[in-house]
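Asks: If you scroll down you'll find the structure; I have some questions about it.
The values are calculated or read from the model by the stated rules, or taken from the named source; none is laboratory data. This one's a predicted model, so the numbers in the text were calculated from it and none came from an experiment. Here the Cβ is made from the backbone with ideal geometry for all residues, glycine too, and neighbour counts use every protein chain on show.
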Amino acid sequence: MTQSGHGAVPYRTSLLPYGFGRGHSAFGQCLLCANSGHLGVTLLIIGTVNRQLSIVTPVGWTYEDPKGDVMLRVVFVGALPASFAGRVGALLGVGSNIAITDEAGVAAFMPEAEVLVTMVFTATMGAAASRLRLVQVPGAGLDRIDRLALPSGVALANVHGHETGIAEYVIGAMLALSRNFTQLDTNLRSGRWNSQWVPGVPPPPAWPELAGRTLAILGYGRIGQAVARRARVFGMHVVALRRDAAQADSNAVIRGPEAFGELLAQADHVVITLPLTPATRGLIGEREIRAMKPGAFLINVARAEIVDEQALYRALQERQIAGAALDVWYRYPTSSDPVLASTCAFHELPNVLMTPHVSGWTDGMLEARAKLIAENIQRVARDEAPLNCVP
């Protein structure tokens, strides 16, 4: 028996044989009831090591036969959605039977699932769903959701709460890139001072300040607006690309799609916060990168596929632009084994800041998303419309 914490509620983990529930429901037969009188939450971690099933339950709850009471059945699909399961379980005040599985194993749960917390939804999943009521995306992006595959009457909702963390990342990335923090740190660790303090050596070029520089934000939704507010505090001139340019903004000059090339040519820093759609896939290629200033920096916190992979690599390798901060990638892990984030050797380029899609991974984001996901599960249980539904 092990102890772990999820918010203010302590959790206890126990292990059962992997075959638990086999031959019956994919959700198993062993359910929990809370001491408060509410039906409880069962967390079924499917496919763990040593062919064991890990069941995580709040301390003080006991295994009990619900005697026919209906449990709302919720499935968290994949590594990212599963990271919210403990927090969501701690917040739920309605009875829920919660299973955690990967994309390969979700088929077994589809016939009984009433809520899916998932980044992906396919036609196969839709065809197997008979009780589904809500597809809850635990992020903002819907690029892996086949909306045509959603059964009639099934609600689709997403969550935000990541804009503060991502905006802070963007500011940090602009500072790190323009002042070359990574290289300065590496050199000083080996005794090399790239500074004005070395006797008899000419001082290095002065670093550019963010104040007075132009920041172009491609996409002016929640993230773009959060970036703009912070950039203005640093004294930057902010221009933003938005489909509807008629609505004025106090933090940025808003331009329409027709000004795309002009913004690229003006900017010292270009930040991508657009959603990935058929229209934005490959939006920035060789021509667009060549339109940027040679001293400009590109920061992508949206989706990698918005920028042509080969064109970006060549531009950085040949110093067509000064550098890039990339938090979103062309390849992602499918197991715990190491995996390079691209087929191109970005990891060999000194002018690239590489981070593994963590710009929005903050305590504030986790708390905000868990609360909304839990609230929507509760709303489904009460036959109410979920929050943040996507039309």
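Asks: In segment 339-386, how many are without any contact (Cβ under 8 Å) to a residue 12 or more places away in the chain and among the acidic types (D, E)? Please lay out each step first, then the result.
Replies: To start, the set of residues in segment 339-386 that are without any contact (Cβ under 8 Å) to a residue 12 or more places away in the chain comprises 339-340, 347-348, 363, 379, 383-384.
Now drop any that are not among the acidic types (D, E), which leaves 348, 363, 383-384.
Of the residues in that region, 4 qualify.
Asks: Taking the stated definitions as given, is I254 crowded, with 16+ Cβ neighbours inside 10 Å, of a type in the set (V, I, T), closer than 21 Å to I284 by Cβ and under 25 Å from the mean Cα position of the chain (by Cα)?
Replies: Taking the combined requirement at face value, the residue does not satisfy it.
Asks: P350 - would you say it is surrounded by fewer than 20 Cβ atoms within 10 Å (Cβ to Cβ), under 13 Å from the mean Cα position of the chain (by Cα) and of a type outside the set (D, E, K, R)? Reasoning before the result, please.
Replies: Details: surrounded by fewer than 20 Cβ atoms within 10 Å (Cβ to Cβ): yes; under 13 Å from the mean Cα position of the chain (by Cα): no; of a type outside the set (D, E, K, R): yes.
It is false that P350 is surrounded by fewer than 20 Cβ atoms within 10 Å (Cβ to Cβ), under 13 Å from the mean Cα position of the chain (by Cα) and of a type outside the set (D, E, K, R).
Asks: Under 8 Å between Cβ atoms, at least 6 apart or on separate chains: pull out the pairs that start in segment 169-192 with a residue that is without any contact (Cβ under 8 Å) to a residue 12 or more places away in the chain and end on any residue that is hydrophobic (A, V, I, L, M, F, W, C) and part of a helix (DSSP H, G or I).
Replies: From residues that are without any contact (Cβ under 8 Å) to a residue 12 or more places away in the chain, the pairs are F181/L175.
Asks: Ok, one more. Testing I166 on (1) among the hydrophobic types (A, V, I, L, M, F, W, C); (2) touching a residue at least 40 places away in the same chain (Cβ under 8 Å); (3) assigned to a loop (DSSP other than H, G, I, E, B), one condition comes back false. Which one is that?
Replies: Here I166 clears every test but (3).
Asks: While we're here: Scan L316, L263, L312, L298 and give me the residue that is in the same structural domain as F346 (by TED's automatic domain parsing), of a type in the set (A, V, I, L, M), surrounded by 13 or more Cβ atoms within 10 Å (Cβ to Cβ) and touching a residue at least 40 places away in the same chain (Cβ under 8 Å).
Replies: Going through L316, L263, L312, L298 in turn, the sole match is L263.
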